[in-house]
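See below for the structure under consideration.
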Amino acid sequence: KSGAKLYTQETSKISFDDVAGLLEAKQELREIVDFLREPGKFKRIGGKVPRGVLLVGPPGTGKTLMARAVAGEAGVPFFSISASQFIEMFVGVGASRVRDLFTNAKKNAPSIIFIDELDAVGRSRGTGMGGGSDEREQTLNQLLSELDGFEPHSEVVVMAATNRPDVIDSALLRPGRFDRQVVVDRPDWRAREEILKVHSRHVPLAKDVDLLVIARGTPGMCGADLESLINEAALIAARENATEVAMIHLERAKDRILMGAERKLILTE
Ligand code: ATP
């Protein structure tokens with residue numbers, strides 16, 4: 001194999017328990033898990049084979065995590081690539097990467113293909129920035145032809161993620177392609193508490209810790225923010241040679257992350 005990494009193949013150990021909240025999304029994805037676990041059974045009872053699922057939601061809300069969890073729950077190999085990787089580097093590489101990815105996933109079926117940042121390649125034609133759009137279009141066309149080229153009973157489910165569903169080329173959303181959308185939304189306070197619990201499973205917490213208070217004090221934070229909040233708190237505690245993470249560490253970590261978020265806002269304005 002050459003050094004250039006075209007995509008990654010992994011055996012996911014992530015389960016739905018690792019994904020906090022998002023109950024509706026999990027419920028919708030259950031069907032995909034059931035199909036991948038026992039494709040034969042599914043077909044015998046005449047179920048329509050699921051093909052393409054688009055996970056839609058803001059950055060850091062757990063779309064990639066959710067796709068991995070589907071693979072983990074089903075016990076099937078997980079092939080993933082970020083669509084922005086498709087089109088970087090050399091002209092003509094994108095389309096062949098797509099082909100390669102699909103060929104391997106089919107060889108290893110039942111399996112899941114996950115395409116992150118689908119909008120990078122699937123932006124509707126004509127809305128694009130100038131340069132490189134030919135390359136992008138070739139890649140998109142290859143992707144469309146792969147999606148259409150599956151055998152009717154092929155046991156590959158293609159999942160993709162985007163935070164810009166509004167710019168996705170409608171050709172990608174037609175029946176038989178990414179014809180299902182699952183919303184992966186920003187967490188409410190209940191889900192934030194769940195996320196904090198998941199990420200502090202292996203962190204020794206002091207008696208004074210009340211994750212609900214932190215959850216209520218972090219509106220707008222996504223799962224990725226809350227994960228770093230816990231990590232940051234553990235670092236702060238370690239720096240103080242504390243043996244447990246206490247409320248004060250969590251509060252300080254929270255302020256730090258809120259400050260970082262503000263700085264990001266200022267820089268992008
Ligand atoms: P992006 O659009 O930036 O790719 P994403 O929606 O794919 O983001 P992930 O990469 O899945 O987000 O999330 C980043 C990390 O945040 C995850 O690896 C996980 O640790 C944490 N996280 C996000 N959402 C959740 C959640 N609902 N439960 C538990 N952890 C979460």
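Readers should treat all values here as calculations from the given coordinates under stated rules, not as data from a laboratory. Computed from a predicted structure; not experimentally measured. Counting neighbours? That spans all protein chains shown, and the Cβs are built from the backbone with ideal geometry, glycine included.
General observations
- Residues ARG201, ARG164 arranged by fewest to most Cβ contacts within 10 Å: ARG201, ARG164
- About its Cα centre, the dipole of the chain is roughly 580 debye, where the only charges are +1 on Lys and Arg Cβ and -1 on Asp and Glu Cβ.
- Fraction of alpha-carbon pairs over 28 Å apart in the chain - percent: 43
- In the chain, the longest principal axis of the Cα atoms and the axis of helix 247-268 are about 50 degrees apart.
- Quotient of Cα Rg and 2.2 N^0.38 Å for region 1-76, N being how many residues it contains: 1.24
- The mean sequence separation of alpha-carbon pairs under 8 Å and at least six residues apart, normalised by the residue count of the chain, gives a relative contact order of 23 percent.
- From least to most packed, judged by other beta carbons within 10 angstrom and beginning with the fewest, SER124, SER15, SER82 follow the order SER15, SER124, SER82.
- Approximate shape of region 199-269 as ellipsoid semi-axes (Cα gyration tensor, √5λ), whole Å, largest first: 22, 13, 10
- Among the listed pairs LYS41/LYS197; LYS63/LYS197; LYS13/LYS106; LYS63/LYS207; LYS41/LYS107; LYS106/LYS197, those beyond 26 Å (Cα-Cα): LYS41/LYS197; LYS63/LYS207; LYS106/LYS197
- As a proxy for reagent exposure, ranking ASP18, ASP210 by other Cβ atoms within 10 Å from fewest up yields ASP210, ASP18.
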